[in-house]
Every structure is written in structure tokens, then in C-alpha cells.
Amino acid sequence: MIRIGLQRFRLHVMIAVLLSVAMLPNLPACSQTTEQAYVPARITQAINETSLVTLHSNTHPLAQARYDRGPAPLSMPASRLLLVLQPSGAQQAALATYLQSLHDPSSPSYRKWLTPDQFGKLYGVSDADLATIETWLQGHGFTVNKVAKGHLAIEFSGTVAQVQTAFHTSLHSYVINGQQHWANASDPQIPTALASVVAGLAELNNFVPKAQFIRAPSGVYNPKSGRIEPTYTVGNATDGYSIYLGPADAATISDTPTTYNANHTGTA
């Protein structure tokens, strides 16, 4: 089974923060400082599958024609996709105020945290909108696996054929440096009626992020100089280590009586 999803997704920083909070386990709260507010439904139009909006920045940059090896099998599983939802403008403003108060010792909300359930009731998508989206997904044959407690994400699974029909894109095979990947060839689309609630789709490819760091030479901290100095040692525990030495280093290690070894203690 090929898993397509949960690899990379570009959203506004606030959405990323909200999602991370929304997916937290149900930890106990110290106190709830805000009254449980009624969250009105924002999906107020009938869902029209011919009136669509594009979810931009949802195509991987390596999904290029030069790497394309053709369409993915329609029956291939597309597992654990994540429909990322967004709060309203008023909710975002209220959340920003609340987050600031959490770190203000003079505020009555100082360090009074919310559970994910409480977060969802205040800053997440309404129950009515969640039900509408779930019904829409199920109508396209998807299985809804889980709704985040924070009401900002819905995890679902299906097949390539269902994804292509529901989100009006196509999934292809891409071969890069001898490795096969699966990805959508164009940005997905959703009905306009859902646009006020749906922020994006994470994610229709299996490109795995790779570390961009470059390992620096190993070293040790010298307390006398206050600096990190090279150890001139390379290798690993499996293959062994190599130590780069100059004449003075070799003479010192071997305790050789030469002018390079000022600390010679032997008589030879």
C-alpha cells in the first residue's frame, strides 16, 4: 500500500500553530478563562460541485513533467489524508489575544491553559460545518478516520480515483534519481461553498523532506581558550576511527624523545 499524505504542507504560520495545538492529546487544563462561545456555521451555501476554488501551493515542486511517468493506478490507496481547516477572522483575533494573555503575569488568564476540546469549542470549526464536510467526504466514498479535538483538521482515507474525483486533480508517478514517488500533478480544487472553512489538503504526495544541514568537523571545548577546537578524528564505531596527527602529536602519544616532544619523561 502506498501512503499518500502527512509529508509536507505550506500554510500560514498561524494555521500551522493552530493545527499543532488542535492535534494535541487531551491533556488536563488548569482552568478555562473564556466562556464557551457558540461558533456559528460558515458553510451557508449548498455545495455545488461545478463551482470550484483552487487550493494553491498544494503541488510539490518536484512534481515536474520531466520526471512524470504517467498516472497512478486508480485503485491505489490514498491513506491518512488531512483536510486542514481554518478558524474565522474573529476567532483568530480572539486566539491571538488569549495566547498573549497566557504569558502576561498581570492577566487573569496567565498560564490558564485550554484542553484541545475547549480549544475546539472556542477557536475551531463549528460542529455543523464539521458535519457538512464529513458528509461531503463520505459522499465521495472516503472514510473519515478522525476529527481533531481542536476542530481544525479531519483525517480521511480513500483511493486515487476518489481523490481525483473529489479534488479535481490527477495523481502521477514521478521518478527522480531512480526513486519512484507519487504526487498530484496540479493544485486540488474544492467546492466554493467550503472555501471559508477549508485551508488546504495535506498531502497528496510521498516526497519525504531531507535534512539540509552540513555536518561540521568534530571538536571539543577547550575551557582554557574558551573555544571549540578540532579533534582531528574521523570515522564511526562500526567502521573504526582515524586520527590525523602531526609529528609533535605522534611524538607526544608515543612518548618519543625528540625535540617535538617537550613533555618526554622516558630515558630512551
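Bear in mind these aren't lab numbers, they're just calculated from the coordinates by the rules spelled out. All values reported here derive from a predicted model rather than from experimental measurement.
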Handout entry: Base-10 log of normalised Debye intensity for the range 81-131 (one unit scatterer per alpha-carbon) at q = 0.15, 0.16 Å⁻¹
Key = -0.48, -0.54
Fill in the blank from the handout: For the range 13-202, the Kirkwood Rh over every pair of distinct alpha carbons, in Å, works out to 18.1 Å
